[in-house]
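A short worksheet on the structure shown next.
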Ligand SMILES: C[S@@+](CC[C@H](N)C(=O)[O-])C[C@H]1O[C@@H](n2cnc3c(N)ncnc32)[C@H](O)[C@@H]1O
């Protein structure tokens, strides 16, 4: 195929010129040549070599470089693509080498073809699963494997977030990569509390899932002095233990300082509401995370005894709240703290994202002091 050879710095100018004149062929892409040159594929409408329009840039003959599709839909039957134009998934979620996609009912029967097209387009993906909604006590996603690159249908996989690794398994444990910014904010709040208390913190995360918040906290040198973490879901607990083990062993100290030992280092597979029934769990944490968005606010009261007395402590929690009840929920949280002989030093209630037309996913952060 005839190509125009141009210095690479001029490629965009010549591409624009050829495109507007209908001289640019869509059958091939731009090819890189030796000596800082690029080759632009030409249509039959383009003037012959030597025409003044080419400004002495030569023409060369190159085999057609087939353009690689830029979207998975381009690997599918194009008649089918047009037929269901509006129904194809516009987005998907990736956890490690597993891709999770919601399919409209109208195209569900093409699930395997969709999955194969996605595997063809995305070389780092091993397994494609359809998301059938949430199920069970722990609101875990019901996943149906559609196609695998190597017959392996295992949904357990490892992800990297903010510089730390985590084992996740979307078919057994809740995890949302979209909330990774919340973890960064938790770390930033913890750093402020650490500066105020002038010592590493004991963190309590009783709804830890696979432990992403602990990833953000333990990754920060000398921020955490100990932890009490857990999850009621035994599958989540198994991954949490694996992740904490890994995070603990790759902990770094501040430059020049040796690592201080963590104490406490407790992991509990237990209902968070029961933790404080055990007196030995009282008065232990500086920072409490409450992440059970449908129930967080109701659970605060049962968790307060876990916090240290007569000093500033922080609670960070996440809750799904009706727009019309925002004010009421703030008052409810404040009242819970006063009832436990506490005072609120700072309170913030911030929308993280919309949840439905009448609800928001909120983050509340409380700096409090509980008295004996
Ligand atoms: C929304 S997820 C949050 C997980 C994790 N903190 C994160 O950010 O990925 C809530 C977690 O709480 C656990 N859970 C539900 N009820 C619980 C309870 N009563 N006590 C302890 N954990 C519970 C679930 O298994 C789930 O892993």
Any idea what the relative contact order of the chain is, in percent, if you count C-alpha pairs under 8 Å spaced at least 6 apart? 9
Among rounded, prolate and oblate, which fits the range 2-61 when a ≥ b ≥ c are the square roots of the eigenvalues of its C-alpha gyration tensor, a/c under 1.5 means rounded, and a/b larger than b/c means prolate? rounded
Measure out, as a whole number of angstrom, how far apart the alpha-carbon centroids of the range 89-146 and the range 148-162 sit. 12
Using a Gaussian network model of the chain whose springs link C-alpha atoms within less than 10 Å, name the residue from 163, 96, 230 with the highest mean-square fluctuation. 163
FRET efficiency, 1/(1 + (r/R0)^6) with R0 51 Å, evaluated for residue 74 and residue 51 via beta carbons: 0.90
Does the range 72-154 classify as rounded, prolate or oblate by the C-alpha gyration tensor (a ≥ b ≥ c root eigenvalues; a/c under 1.5 gives rounded; else a/b over b/c gives prolate, otherwise oblate)? oblate
For the chain, modelled as a Gaussian network with Cα springs under 10 Å, which listed residue fluctuates most, 290, 202, 344? 344
Note to self: C-alpha centroids of the range 9-41 and the range 212-263 sit apart, in Å, by 53
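What does the C-alpha gyration tensor say about the overall shape of the chain? Classify as rounded when a/c is under 1.5, otherwise prolate if a/b is larger than b/c, or oblate.
prolate
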Residue with peak Gaussian network fluctuation, the chain [Cα springs, cutoff 10 Å], from 177, 130, 115: 177
Among DSSP beta bridges lying fully in the chain, give the percent that are antiparallel, nearest 5. 70
Expressed as a whole number of Å, what is the distance separating the alpha-carbon centroids of the range 281-318 and the range 338-371? 11
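Only the coordinates and a few stated rules stand behind these numbers; no lab work does. Everything numeric in this text was worked out from a predicted model, so none of it was measured. Methodologically, a virtual Cβ is constructed for each residue, glycine included, from the backbone with ideal geometry; neighbour enumeration extends over all protein chains shown.
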